[in-house]
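One structure is given here, and the rest of the page talks about it.
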Amino acid sequence: MKKWPNTVCKGLITLDDALMRTSLQTHQTPKGFLFDMDGLLLDTERLGLKLFAQICAELDIGPERSDPVFLSLIGGSKAVNSAKVAEFLHGRLDIDGFERAWVAGKATLLADAIPLRPYVREVITGLAAQGTRMVVVTSTVGAVARHELDQAGLLPHFHHVIAGDEVTANKPDPAPYLQGAAALGLDPKDCAAFEDSDTGITAAIRAGCMAVQIPDLRTPNTPLPNLGQRVARDLRHAVEMFGMTVTSKQA
C-alpha cells in the first residue's frame, strides 16, 4: 500500500471543531490556487443525488438505500464509481443502461443553467481580476468538465483543467494535485487547494498543498478525517484565510 509523507490522519474531527480550529487567518500566501469542481465550484452533487434517486426509484430502490450509495461516490473516479454502481444495481440494470439514463437525466437537469455553490462567481472572478493563477482539478472526465465550466461562465478564468481521464492516478492519490501545481510551474506547497470531499482533501494533503475543505453533501453527523486541513463554511471564507479579499455580494 502506498504511503505519502504529507498524510498523517489523526482520527476524526467534527465539523464544528474543525471550523473553530481553523478560524484564524494563515500567514501563508499561495502562489497558485487549485479547485475541485463538483460540490466545490458547481452545485451539481445535489442534482446528482436527485437524479440517482430517480433512476433507482424506477428500479424499486428507495432513497434509504440509494442515497448512502450516491454519497459514497462523491470525489471518486469514473472507474471506481462505475464499479460501485454496477455492484449496487446488479441484476436490475447494467452499467451501460445506467450511464445512458444518467447522461440523459443530467442533460435535462442542467439544460437551463449550471448551479454554483455559494460565493463561487464572485470569488473566481475577483481572484482572476487580481491576476491569481488558478487550475481546476477534477475527477470528472475532461470533455464534460470543460463543457460544464464553460456553460457556467467560469472556464475562461482558469489557466488549466486537470481532469480525471488526464492523470496517471485519481484522487485520493496526489497525482491530480501534483499535476495541477506542475501546470502552473509551482511546487505543491506553494499552492492552496480547495475540496469538498474526504477523498479530494486526502489527495490535496498527500500532494503537500495548503488544503482547505469546504464540506458539501455528507451523511448526517459524519465527522471529517483529521488530516490537518483547514475547514471553511464556503469559498469566500476559504480564500479569506489566505488574506484574499473579494466583494461582499453573494453570486
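Summary table
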quantity: Members of region 78-123 that are among the acidic types (Asp, Glu) and either crowded, with 16+ Cβ neighbours inside 10 Å or touching a residue at least 40 places away in the same chain (Cβ under 8 Å) (or both); calculated: Glu122
quantity: Positions within region 192-222 being aliphatic (A, V, I, L, M), under 15 Å from the mean Cα position of the chain (by Cα) and not in a helix (DSSP H, G or I), in sequence order; calculated: Ala192, Ala193, Ala211, Val212, Ile214, Leu217
quantity: Asn226, sole failed condition from (1) closer than 16 Å to Met37 by Cβ; (2) surrounded by fewer than 18 Cβ atoms within 10 Å (Cβ to Cβ); calculated: (1)
quantity: Residues being within 18 Å of Gly200 (Cβ to Cβ) and touching a residue at least 60 places away in the same chain (Cβ under 8 Å) - total across region 140-153; calculated: 5
quantity: Neighbours by Cβ (under 8 Å, 6+ apart or cross-chain): first from region 224-238, in contact (Cβ under 8 Å) with a residue 24 or more places away in the chain; second among the basic types (Lys, Arg) and crowded, with 18+ Cβ neighbours inside 10 Å; calculated: Asp234/Arg117; Leu235/Arg117; Ala238/Arg230
quantity: Which numbered condition Arg218 misses (of (1) surrounded by fewer than 18 Cβ atoms within 10 Å (Cβ to Cβ); (2) at pLDDT 95 or above); calculated: (2)
quantity: Residues (acidic (Asp, Glu) and assigned to a helix (DSSP H, G or I)) located in region 54-68; calculated: Glu64, Asp67
quantity: Filter result for the condition that a residue is at pLDDT below 95 and closer than 13 Å to Leu42 by Cα, over Leu93, Leu110; calculated: Leu110
quantity: Candidates Gly131, Gly142, Gly126 - the one that is surrounded by fewer than 21 Cβ atoms within 10 Å (Cβ to Cβ) and at positive phi; calculated: Gly131
quantity: Per-region count, region 175-191, residues on the phi < 0 side of the Ramachandran plot, surrounded by fewer than 24 Cβ atoms within 10 Å (Cβ to Cβ) and not in a helix (DSSP H, G or I); calculated: 3
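Conditions (1) among the small types (Gly, Ala, Ser); (2) free of Cβ contacts under 8 Å to residues at least 40 places away in the same chain, marked per residue:
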| site | (1), (2) |
| --- | --- |
| Pro30 | no, no |
| Leu40 | no, no |
| Leu51 | no, no |
| Ala57 | yes, yes |
| Gly62 | yes, yes |
| Ser66 | yes, yes |
| Leu71 | no, no |
| Gly76 | yes, no |
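The values are calculated or read from the model by the stated rules, or taken from the named source; none is laboratory data. Nothing here was measured: the structure is a model prediction, and the numbers come from that model. Cβ atoms come from the backbone with ideal geometry, glycine included; neighbour counts cover every protein chain shown.
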